[in-house]
Amino acid sequence: MEVSASHKLHFSASDSWEPLHGHNWKITIYCQSEELDEDGFVVNFLDIEAAIHDVLDHTDLGDVLDCNPSTENLARWICEHVDKCYRVDVVECSGNEATYEI
Ligand SMILES: [Zn+2]
């Protein structure tokens, strides 16, 4: 999915902030299950959209995540908010991407 959202990063080493800016984040969510449910799903795509896209789109990620909204932390947050998720790939922009996997 794609999410349009802004973030402002804190750099602890210099105790400085990156200016607020936005990205069209490209997010790939991986889920797994030993069996499909009675409707033939691992997870209903609409439930993932509601849990992730509808919560993050057009927000300042700093208002949603309770940590520094880095690409890495965003990938972890998404994984923690999707049932049966085991991996999330997040692309901030070309060359800047992170994978979180449990
Ligand atoms: Zn950024």
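Being of a type in the set (A, V, I, L, M) and under 18 Å from residue 1 (Cα atoms) is the filter here; which residues of segment 34-63 pass it? Please lay out each step first, then the result.
Filtering segment 34-63 down to residues of a type in the set (A, V, I, L, M) leaves 36, 42-43, 46, 48, 50-52, 55-56, 61.
42, 43, 46, 48, 50, 51, 52, 55, 56, 61 - these are the residues of segment 34-63 that are of a type in the set (A, V, I, L, M) and under 18 Å from residue 1 (Cα atoms).
Can you tell me which residue in segment 18-36 is farthest from the ligand (Cβ to nearest atom), limited to those that are among the hydrophobic types (A, V, I, L, M, F, W, C) and surrounded by 11 or more Cβ atoms within 10 Å (Cβ to Cβ)? I'd like the intermediate steps shown before the answer.
Step one: filter segment 18-36 for residues among the hydrophobic types (A, V, I, L, M, F, W, C), giving 20, 25, 27, 29, 31, 36.
With the extra rule that they be surrounded by 11 or more Cβ atoms within 10 Å (Cβ to Cβ), the set shrinks to 20, 25, 27, 29, 31.
Details: 20: 9, 25: 9, 27: 14, 29: 20, 31: 26 Å.
Only one residue fits best here, namely 31.
Residues that are of a type in the set (Val, Ile, Thr) and touching a residue at least 12 places away in the same chain (Cβ under 8 Å): list the helices (runs of 4 or more DSSP H) wholly contained in segment 14-89 that include at least 3 such residues. Walk me through how you get there before you give the answer.
Numbers: elements: 45-48, 61-64, 71-80.
In segment 14-89, there are no helices (runs of 4 or more DSSP H) which contain 3 or more residues that are of a type in the set (Val, Ile, Thr) and touching a residue at least 12 places away in the same chain (Cβ under 8 Å).
Would you check if residue 42 is surrounded by 15 or more Cβ atoms within 10 Å (Cβ to Cβ), out of contact with any Leu (no Cβ under 6 Å at 6 or more places or on another chain) and aliphatic (A, V, I, L, M)? Explain how you work it out, then say what you get.
Working: surrounded by 15 or more Cβ atoms within 10 Å (Cβ to Cβ): yes; out of contact with any Leu (no Cβ under 6 Å at 6 or more places or on another chain): yes; aliphatic (A, V, I, L, M): yes.
Yes: the conditions hold for residue 42.
Considering (1) under 14 Å from residue 3 (Cβ atoms); (2) among the hydroxyl-bearing types (Ser, Thr, Tyr); (3) surrounded by 15 or more Cβ atoms within 10 Å (Cβ to Cβ); (4) away from the ligand (no atom under 16 Å from the Cβ), say which one residue 71 fails and leave the rest.
(4)
Quick note: the coordinates plus some simple rules give every number you see, no bench work behind them. Here the structure is a predicted model, which means the values were calculated and not measured. In this analysis, Cβ positions are derived from the backbone assuming ideal geometry, glycine residues included, and neighbour counts consider all displayed protein chains.
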